[in-house]
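Have a look at the structure below, then the notes.
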Amino acid sequence: MMLRLLNHGRIQSSRLSRRWMSSGGYSKTTVMSFGDGSHGALGLPASIIGMGLDAYEPTTIPGLPPDVVTIAAGHFHSLAVTSEGHVWAWGRNNEGQLGRDPLSPRETWNEPKRVEGLNKVRVQAAFASGVISAAIGDDGSLWVWGSSKRGQLGLGKGITKAAIPSMVETLSGEEIVKVSLGWGHALALAKNGNMFGWGYYADGRIGKIGRELEISPLESNSTKLRSTEEFSAIEAAEKLVMEAIEKEKDMPIIWEPSSIEELHELKVADVACGHDHSLVLCCDGTLFSGGSNVYGQLGRTENDLGMQPVNIHFHPLSVASGLGHSFAVCNDPSSEPTDATSVVSWGWNQSSQLGRDGPNNIPQVVEGLVGESPVSVSGGRAHSLALTAKKELWAWGCGRNGRLGLGSSADEAEPIFVEYLEGSEVIQAVAGLDHSLVLVTE
């Protein structure tokens with residue numbers, strides 16, 4: 001148990017880049033997408049999906065190399081990394097997050113193209129937020145590009161744009177293995193278990209870093225949000241969130257990666273950032289959360305600011321997060337075999353993205369995945385995906401725009417097997433805000 005926790009976060013990225021090696025080469029892979037295509041994040045031309053922009057079932061993205069080894073989904077853009085260490089990008093480019101000129105023709109943004117400027121490094125993993133992209137080299141260096149007024153680039157005070165991939169010098173020598181990006185904050189995990197945070201600082205979403213924590217307008221609006229008839233209209237809740245975001249523009253920022261005080265002397269195994277909250281899993285099995293708790297996404301009854309333990313009664317192996325909901329893949333001691341796993345969820349459940357009934361703010365098992373041996377989980381704005389040991393994909397939550405890949409726009413209250421992928425081996429599945437990507441072999 002301890003060995004799995006220790007190893008999980010530290011070698012996750014290298015596992016992805018080695019997983020498809022066989023007989024000295026790489027198995028042929030295909031990237032497929034489904035969901036909202038209004039920003040080009042699906043990478044699908046009109047000749048495939050027509051003028052409706054959305055894709056309601058997993059659809060092969062043309063123009064990508066056949067040796068993609070890992071994928072990433074930002075809010076409205078997508079990334080893919082090849083066995084040669086090259087990064088490809090497509091989707092929204094208003095902030096330059098594709099690594100190409102934001103003034104390039106908008107109609108070309110949905111075309112996957114290789115990101116230039118990474119010639120000095122062989123990339124092994126990529127990550128994305130709403131406004132920036134990031135890549136980790138096989139030497140552990142971290143590279144970022146895009147535009148963020150909230151310090152999410154981590155390149156130094158006042159630096160809000162990186163037109164081409166730029167190395168985060170503060171983390172030189174740290175051998176970074178994973179990065180997670182929220183709306184305006186970021187967490188990076190080093191191979192030795194050290195963790196660093198930077199970007200938007202309110203509510204303790206990156207813990208305490210040398211200054212007093214402050215409550216953001218979003219958190220102070222929590223009473224108003226909860227009074228919206230328990231989020232009877234998702235649009236009404238989102239409007240209040242966006243109003244609070246506008247008020248947050250002058251809130252405190254940490255401009256460079258910094259050590260987090262609450263986690264000193266602790267070794268971290270995995271990290272995950274939601275829109276405005278964070279999850280940190282330590283090697284001893286302790287799970288911390290910090291940031292906004294508007295939807296109960298911190299999984300604890302106490303609303304203390306900063307990184308505090310989650311009230312979870314399971315044994316977490318990894319963590320993941322959607323916009324306002326949280327996940328942990330856990331050992332299930334009550335199941336046979338003894339190494340059986342389950343998905344535990346908590347947080348925002350307006351569109352059934354938790355995949356279960358019961359109190360939203362208390363971590364509980366997603367019963368629909370019991371017995372399926374889930375190995376990873378990913379969350380979007382209001383939908384969720386899980387990959388099982390059988391390399392099968394399950395989806396639930398909001399089905400609008402086809403983001404569940406089930407051929408319809410209907411919501412699903414419980415995990416549903418994505419039959420369109422039957423016969424293919426799914427080796428990775430990730431959720432963007434309103435779209436989804438899968439990496440498959442056949």
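The values are calculated or read from the model by the stated rules, or taken from the named source; none is laboratory data. Please read all numbers here as calculations on a predicted model, not as lab measurements. A quick note on method: Cβ atoms are made from the backbone with ideal geometry, for glycine too, and the neighbour counts reach across all protein chains shown. Heads up: the accessible areas ignore ligands, DNA and RNA and are worked out on the full protein's heavy atoms, side chains in. Shrake-Rupley method; radii C 1.70, N 1.55, O 1.52, S 1.80 Å.
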*Test for E57: is it surrounded by fewer than 20 Cβ atoms within 10 Å (Cβ to Cβ) and assigned to a strand (DSSP E or B)*: yes
*Would you mention how many residues in segment 267-306 are assigned to a strand (DSSP E or B) and among the hydroxyl-bearing types (S, T, Y)?*
2
_Test: I206 is out of contact with any helix residue (DSSP H, G or I) (no Cβ under 9 Å at 6 or more places or on another chain), surrounded by 24 or more Cβ atoms within 10 Å (Cβ to Cβ) and either free of Cβ contacts under 8 Å to residues at least 24 places away in the same chain or not in a strand (DSSP E or B) (or both)_ = yes
*Breaking point among (1) in a loop (DSSP other than H, G, I, E, B); (2) under 28 Å from C282 (Cβ atoms); (3) touching a residue at least 60 places away in the same chain (Cβ under 8 Å), for Q428*: (1)
_Unmet criterion (only one of (1) under 21 Å from G199 (Cα atoms); (2) open to solvent by 10 Å² or more (accessible area, probe 1.4 Å); (3) modelled with pLDDT of 95 or more) for L305_ = (3)
*Consider S351 carefully, then state whether it is touching a Lys or Arg at 6+ places or on another chain (Cβ under 6 Å), in contact (Cβ under 8 Å) with a residue 24 or more places away in the chain and in a loop (DSSP other than H, G, I, E, B).*
no
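Residue-wise test of (1) farther than 16 Å from H435 by Cβ; (2) in contact with a Gly (Cβ under 8 Å, 6 or more places away or on another chain).
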position	(1), (2)
D67	yes, no
H75	no, yes
V81	yes, no
A89	no, yes
G117	yes, yes
_Looking at segment 51-75, I want the residues that are more than 20 Å from E425 (Cβ to Cβ) and aliphatic (A, V, I, L, M) and have a partner that is assigned to a loop (DSSP other than H, G, I, E, B) and open to solvent by less than 30 Å² (accessible area, probe 1.4 Å) with Cβ atoms under 7 Å, at least 6 apart or on another chain. Which pairs are those?_
L53/G37; A55/G37; A55/L42; A55/L44
_Pairs please, first residue from segment 257-269 and farther than 22 Å from V144 by Cβ, second anywhere and among the small types (G, A, S), Cβ atoms under 6 Å, 6+ apart in sequence or on different chains._
E262/G207; E262/G306; K267/G193; A269/G9
*Taking segment 67-95 on its own, how many of its residues are of a type in the set (A, V, I, L, M, F, W, C), more than 21 Å from L323 (Cβ to Cβ) and open to solvent by less than 30 Å² (accessible area, probe 1.4 Å)?*
7
*Which one of L118, L64, L98 is in a loop (DSSP other than H, G, I, E, B) and surrounded by 24 or more Cβ atoms within 10 Å (Cβ to Cβ)?*
L98
*From the residues in segment 357-383 that are open to solvent by less than 30 Å² (accessible area, probe 1.4 Å) and assigned to a strand (DSSP E or B), which one is farthest from H313 (Cα to Cα)?*
H383
*Go through (1) without any contact (Cβ under 8 Å) to a residue 12 or more places away in the chain; (2) crowded, with 21+ Cβ neighbours inside 10 Å one by one and return the number of the condition G43 breaks.*
(1)
*asked:* Out of everything in segment 406-423 that is touching a residue at least 60 places away in the same chain (Cβ under 8 Å) and either part of a helix (DSSP H, G or I) or in contact with an Asp or Glu (Cβ under 6 Å, 6 or more places away or on another chain) (or both), what residue ends up being farthest from L387 (Cα to Cα)?
replied: G407
*Restricting attention to segment 384-402, does a residue exist that is closer than 30 Å to S292 by Cβ, buried (at least 21 other Cβ atoms within 10 Å of the Cβ) and among the basic types (K, R)?*
no
